[in-house]
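> Below are the structure tokens for one structure; questions will follow.
The values are calculated or read from the model by the stated rules, or taken from the named source; none is laboratory data. In this text, all values refer to a predicted model and were calculated from it rather than measured experimentally. Don't worry about glycine lacking a Cβ; one is built from the backbone with ideal geometry, like all the others, and counts go over all protein chains shown. For the accessible areas, the whole protein counts, side chains as well, though only heavy atoms, and no ligand, DNA or RNA atoms are used. Shrake-Rupley method; radii C 1.70, N 1.55, O 1.52, S 1.80 Å.
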Amino acid sequence: MIFDVEHETMPREELEALQLRRLQSVVARVYENVPFYRKKLDERGVRPEHIQKLSDVTLLPFTEKQDLRNHYPFGLFAVSRENIVRLHSSSGTTGKATVVGYTKRDIKNWGHMVARCLAAAGATSGDFIHNAYGYGLFTGGLGVHYGAEELGATVIPISGGGTRRQAMILRDFGATVITCTPSYSLHLYEAAKEMGIDIKELPLRIGIFGAEPWTDSMRAEIEGKLGITAIDIYGLSEIMGPGVAIECARVKNGLHIQEDHFLAEIIDSETGEQLPHGEKGEIVFTTLTKEGIPLLRYRTRDISRLNTAPCRCGRTTARMERVTGRSDDMLIIRGVNVFPSQIETILLETDGLTPHYQLIVGREGTLDTMEVRVEIDEAVFSDQIKNLQRLESKIEKNIKEFLGVTARVKLVEPKSIERSEGKAKRIIDMRKPQA
Ligand code: DLL
């Protein structure tokens with residue numbers, strides 16, 4: 001079902017005209033209200049009235065995650081605090097998190113866009129949606145929640161965790177749609193099996209999975225085991241949250257971008273040059289309607305490709321290829337975004353450790369694991385084992401508290417981590433390579 005026929009099937013010419021009007025308006029708004037953008041635009045000699053056609057977007061400066069951090073928490077907001085009705089934040093409770101704010105209209109638009117997504121995935125107002133994305137500062141839980149209500153479906157706000165209870169509720173309430181990370185769906189499947197529940201036998205028919213990269217082979221595994229259709233949903237908190245783009249159940253080949261709200265470009269991440277449609281590169285978004293924190297040319301660091309060919313489902317919106325990787329070193333561990341630099345900060349703030357460390361990322365069963373190996377200094381090395389274990393637990397606790405991920409910390413002897421002549425090899429990712 002197409003939820004918003006007018007916008008999702010708009011002839012491209014009309015859609016692009018709408019995008020241009022909205023682009024002009026957002027540039028004027030940030031120039032007026034966000035000192036950061038006014039300065040950047042002034043430096044480039046660009047005024048809002050210079051935006052005469054869509055391709056003029058390249059006159060605009062990029063925005064990076066670091067810009068949000070530098071203006072932590074609210075420095076890039078374009079409206080006064082009274083008009084902000086909700087805050088979300090990306091993972092990491094240190095000063096380095098990125099914070100986003102939504103006005104009433106932003107929340108309404110977001111709910112509407114997620115409703116479009118759920119419908120594109122095949123959900124209807126008659127569905128029971130078991131929403132296992134985390135509720136809280138993370139955008140997944142509440143983002144899907146409002147969309148499900150907008151669609152008129154029944155939402156079960158189960159949030160993340162408590163897997164055995166989830167399996168029981170999934171069975172007892174008879175959900176027909178599940179929303180969670182792809183890896184969690186397999187974990188839930190296994191936990192349910194141990195309890196004697198075969199998800200395949202339940203009424204569940206659709207899974208809407210995102211927040212972390214996954215592959216077509218993982219899709220096949222999930223669909224086979226759970227007996228459902230698995231759909232890829234993409235989004236990021238800086239741009240909105242879940243629902244920036246979604247696959248349609250009909251074709252499942254590329255994710256339809258909500259182009260009336262976001263202008264997408266692909267750039268070469270090294271040079272920043274815009275690339276023609278069809279080429280692979282970093283996807284960049286400009287928000288066209290957002291009021292709370294509109295962003296110009298936000299560099300997602302996600303690698304994708306754009307396809308504007310019409311889709312058999314009837315939608316005219318451009319599709320982005322499934323995200324196959326990132327152009328930076330951000331790791332996604334069980335749906336939580338982690339930068340090695342955040343771990344490094346925690347390690348360096350702990351006495352007795354050296355800056356030599358490695359992160360070993362793996363997968364146990366269906367869940368991601370992370371081990372932090374760090375060299376201790378000579379003085380600590382001679383300590384009693386019990387003190388070392390205490391130190392390990394302390395670091396584990398700090399990582400959990402500040403970054404929200406569970407890691408196993410292993411202190412290792414001084415000079416035991418291999419030194420490199422060039423860049424240090426800090427990350428060993430043993431999960432399956434992305435297809
Ligand atoms: O993960 C929003 C979301 C919630 C999307 C629920 C989908 C479902 P952040 O925590 O800000 O927001 O993380 C955004 O996660 O830049 C990608 O690197 C990655 N990501 C999100 N969806 C996908 C996906 C939410 N479908 C970052 N495939 C993004 C691959 C994804 N990577």
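> Which whole-Hz couplings ³J(HN,Hα) result when phi for each residue of region 46-59 is put into the Karplus expression 6.51 cos²θ - 1.76 cosθ + 1.60, θ = phi - 60°, listed in order with x for Gly and Pro?
Listing the rounded values in order: 9, 10, x, 6, 6, 7, 10, 9, 4, 5, 5, 4, 5, 6 Hz.
> Using θ = phi - 60° and the Karplus relation 6.51 cos²θ - 1.76 cosθ + 1.60, list the HN-Hα couplings for region 338-348 in order, rounded to whole Hz, with x at every Gly or Pro.
In residue order, the calculated couplings are 9, 9, x, 4, 5, 5, 4, 4, 5, 5, 6 Hz.
> A further question on this structure: Hey, if you put +1 on the Cβ of every Lys and Arg and -1 on every Asp and Glu Cβ in region 1-323, which of I158, V251, I206 ends up farthest toward the positive end of that dipole?
Of the options given, the answer is I158.
> With labels modelled as points extended 7 Å from the Cα through the Cβ direction, what inter-label distance (nm, one decimal) is found for L367 paired with K108?
With each label placed 7 Å out from Cα toward Cβ, I get 4.2 nm.
> May I ask you to give the percent of accessible area on the chain that is carbon plus sulfur, with a probe radius of 1.4 Å?
50
> What nm distance separates the two modelled labels at Q389 and I427, each placed 7 Å from Cα along Cα→Cβ?
A separation of 3.3 nm, rounded to one decimal place.
> D351: net charge of surrounding residues, Cβ under 12 Å, Lys/Arg +1, Asp/Glu -1, itself excluded? Please report the intermediate quantities before stating the final value.
Values: positive: K394; negative: E349, D377, D383.
Overall, the nearby charge balance is -2.
> A further question on this structure: In what sequence, largest accessible area first, do M113, M195 appear using a 1.4 Å probe?
Order by accessible area, largest first: M195, M113.
> Give the average over all directions of the projected area of the C-alpha convex hull of the chain, one decimal, in nm².
Answer in nm², one decimal: 22.2.
> Cα centroids of region 294-321 and region 362-383: how far apart, whole angstrom?
39
> Let me ask another. Points 7 angstrom from Cα along the Cβ direction at A220 and V251: gap in nanometres?
Label-label distance for A220 and V251, simple model: 2.3 nm.
> Rounded to the nearest Å, what's the spacing between the alpha carbon centres of region 72-89 and region 40-70? Just the number, please.
Value for the Cα centre distance between the two parts: 21 Å.
> Can you list residues from other chains, or at least 5 along the same chain, whose modelled amide H is less than 5 Å from the amide H of I156?
Distant-sequence amide H within range of I156: I129, H130, N131.
> Given K39/K104; K193/K252; K65/K252; K65/K290; K108/K290; K104/K290, which pairs have Cα atoms separated by over 19 Å?
Details: K39/K104 28 Å; K193/K252 28 Å; K65/K252 30 Å; K65/K290 17 Å; K108/K290 11 Å; K104/K290 10 Å.
The pairs that break the limit, which is 19 Å between Cα atoms, are K39/K104; K193/K252; K65/K252.
> Still on this model: Find how many whole Å separate the alpha carbon centroid of region 5-27 from the alpha carbon centroid of region 180-199.
41
> Looking at the chain, send over the antiparallel percent of its DSSP beta bridges, to the nearest 5.
Here the antiparallel bridges make up roughly 60 percent for the chain.
> Using DSSP, restrict attention to beta bridges with both residues in region 331-429 and report what percent are antiparallel, rounded to the nearest 5. Present the calculation step by step, with values, prior to reporting the outcome.
Working: 12 of 20 bridges.
Rounded to the nearest five, the antiparallel share is 60 percent.
> Now, a different point. If you place +1 on the Cβ of every Lys and Arg, -1 on the Cβ of every Asp and Glu, and leave all else neutral, what size is the dipole of the chain about its Cα centre, to the nearest 20 Debye? Let's see the in-between values first.
Values: 57 positive and 60 negative charges, 90 e Å.
Using Cβ point charges on Lys, Arg, Asp and Glu, the chain gives about 440 debye.
> Same structure again: What list of ³J(HN,Hα) values in whole Hz, one per residue of region 254-260 in order, does the Karplus curve 6.51 cos²θ - 1.76 cosθ + 1.60 (θ = phi - 60°) give from phi, with Gly and Pro shown as x?
x, 9, 5, 8, 7, 6, 6
> Given an 8 Å cut-off on Cα distances and at least 6 residues of separation, report the relative contact order of the chain as a percent.
Reported as a whole number, the value is 14 percent.
> May I pose another question? Where does the charge balance sit around P157 when Lys and Arg score +1, Asp and Glu -1, over other residues with C-beta under 15 Å from its C-beta? Present the calculation step by step, with values, prior to reporting the outcome.
Details: positive: R165; negative: D127, E149, E150.
Around P157, the surrounding residues sum to -2.
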